[in-house]
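Heads up, the thing below is written out as structure tokens.
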Amino acid sequence: MSNNNLTNSNMTENHGQSSCQEVLNAMIFFIDDEIHDQDQLTTLEFHIQQCQPCLQEMEHERKVIAQMKKLLSNACHEEAPEELQARISAQTALLAAQMSAPTQIITEYRQSQTTVYSDEFGGIRIEETHIEIQSTNEFGGDFPLA
């Protein structure tokens, strides 16, 4: 942050539950909608509404960010090589064909069971059986090519 046209004496006020310094520390996160804690978001919004220097700083930061994005988008305007575009197009067409295939349902059954038998003379006999049930559903569907 640049603290454009603001002095330290302007930015030491306390509006509500947060100080100007706390708001400035969170300013970029606030501008980028990266604050997910509703209480913190409400506190920052309240402070910015009440504090003219913080509001001015937020507006300045938004302008700087917008200008940077504009400059970067103008400087980074490149086309992908034709070979890469062709590979992406071919892979997209293959994926679309796979996704438009009819639904497949695969079900497998297996069982595991251990049975212990004992007779009246103390003899023991163990039998094992294995069971496993597995079901897989693969769904085909529309895949937009454009």
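The values are calculated or read from the model by the stated rules, or taken from the named source; none is laboratory data. Keep in mind that this is a model prediction, so the values were computed, not measured. Here the Cβ is made from the backbone with ideal geometry for all residues, glycine too, and neighbour counts use every protein chain on show.
Of the numbered conditions (1) assigned to a loop (DSSP other than H, G, I, E, B); (2) modelled with pLDDT of 90 or more; (3) not β-branched (Val, Ile, Thr), LEU6 fails exactly one; give the number of that condition.
So LEU6 meets the others, but not (2).
Among the residues in region 90-111, are any at pLDDT 90 or above and either more than 34 Å from the chain's Cα centre (by Cα) or of a type in the set (A, V, I, L, M, F, W, C) (or both)?
Yes; the residues of region 90-111 include at least one that is at pLDDT 90 or above and either more than 34 Å from the chain's Cα centre (by Cα) or of a type in the set (A, V, I, L, M, F, W, C) (or both).
Cβ-Cβ below 9 Å, separation at least six or inter-chain, first residue in region 49-76 and touching a residue at least 40 places away in the same chain (Cβ under 8 Å), second charged (D, E, K, R) and in a loop (DSSP other than H, G, I, E, B): which pairs?
Qualifying pairs under 9 Å: PRO53/GLU13; CYS54/GLU13.
GLU79: part of a loop (DSSP other than H, G, I, E, B), modelled with pLDDT under 90 and acidic (Asp, Glu), yes or no?
yes
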